[in-house]
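Single-structure report; data block below.
The values are calculated or read from the model by the stated rules, or taken from the named source; none is laboratory data. Note that the structure is a prediction, hence the values are computed from the model and not measured. No Cβ is skipped: glycine too gets one built from the backbone with ideal geometry, and neighbour counts run over all protein chains shown. Ligands, DNA and RNA are excluded from the accessible area calculation, which covers all protein heavy atoms including side chains. Shrake-Rupley method; radii C 1.70, N 1.55, O 1.52, S 1.80 Å.
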Amino acid sequence: MTAPSAVSVSLHWGASNIWVVSGQREFCCSADLRREPASGPGAAGENAIDYIDDDYVDVDGRVVPTVLEVARLISSAMDGCGIVDADILHLSHPSDWGAPRRRRLLDAGRRVAHDVVLVPTSIAAARSAHTAWRSRCVVLELRGGTVAASVVAEVDGELQIDGTQSSEIADVAGLFSAIGDLSVRDAVVLVGPSSHAVA
């Protein structure tokens, strides 16, 4: 008798969507706090992850603990991928987040999976583009009007962040001057909305 294999899920929380992958299955859904989609010209949703600092959040006129709402959205995204119970959840987060935000996200993830591994978005992006770079991967995470720039390098076979800086999108050139000269061995990866404008 063979033991069943562990169910592993990767979840990326983007600027407006949640993307889930498990094996050959993929699912993308809204990260909006509202259960009813926003409508009308220029209507934009409110990303639950943007409220991770708050203890409570308003969801359609109902005040709920933020961690529980984030957990509900994670669970809903996993359901869309056909996953009811995950053994391991790889959960991405903005690379410039500090320990308090990561702890809250970890708390939410542990409500829906047995084991949670938090992965900075820059590491996930650099890993997915690993064949395109040989020296460094500069990952720009665009969120709202800000950008976080991380330099990722491979050290002893492991991808590691060698510094992250944040600024307004208008100041992205200043971030590059702090990174230093890029070479053909480096790659730049843009993550999030407005990628084409920044490029």
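Summary of computed values
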read-out	value
Subset of segment 80-99 [among the aliphatic types (A, V, I, L, M), in a strand (DSSP E or B) and surrounded by fewer than 19 Cβ atoms within 10 Å (Cβ to Cβ)]	ILE88
Selection within segment 137-155 - modelled with pLDDT under 90 and not hydrophobic (A, V, I, L, M, F, W, C)	ARG143, GLY144, GLY145, THR146
Residue match in segment 32-39 (condition: more than 15 Å from the chain's Cα centre (by Cα), at pLDDT below 90, assigned to a strand (DSSP E or B) and of a type in the set (A, V, I, L, M, F, W, C))	no
Test result for SER166, assigned to a strand (DSSP E or B), touching a strand residue (DSSP E or B) at 6+ places or on another chain (Cβ under 6 Å) and at pLDDT 90 or above	no
Matching residues in segment 105-118 - criterion: being surrounded by fewer than 21 Cβ atoms within 10 Å (Cβ to Cβ) and touching a residue at least 40 places away in the same chain (Cβ under 8 Å)	ASP107, ARG111
Total residues in segment 136-187, condition within 17 Å of the chain's Cα centre (by Cα) and of a type in the set (Lys, Arg)	1
Qualifying position, being among the hydrophobic types (A, V, I, L, M, F, W, C), under 16 Å from the mean Cα position of the chain (by Cα) and either over 19 Å from PRO193 (Cβ atoms) or at pLDDT 80 or above (or both), among VAL57, VAL21, VAL63	VAL21
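Conditions tested, residue by residue: (1) open to solvent by 40 Å² or more (accessible area, probe 1.4 Å); (2) charged (D, E, K, R); (3) out of contact with any Leu (no Cβ under 7 Å at 6 or more places or on another chain).
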residue: ARG101; (1), (2), (3): yes, yes, yes
residue: ARG134; (1), (2), (3): yes, yes, yes
residue: CYS137; (1), (2), (3): no, no, yes
residue: ASP181; (1), (2), (3): yes, yes, yes
residue: LEU190; (1), (2), (3): yes, no, no
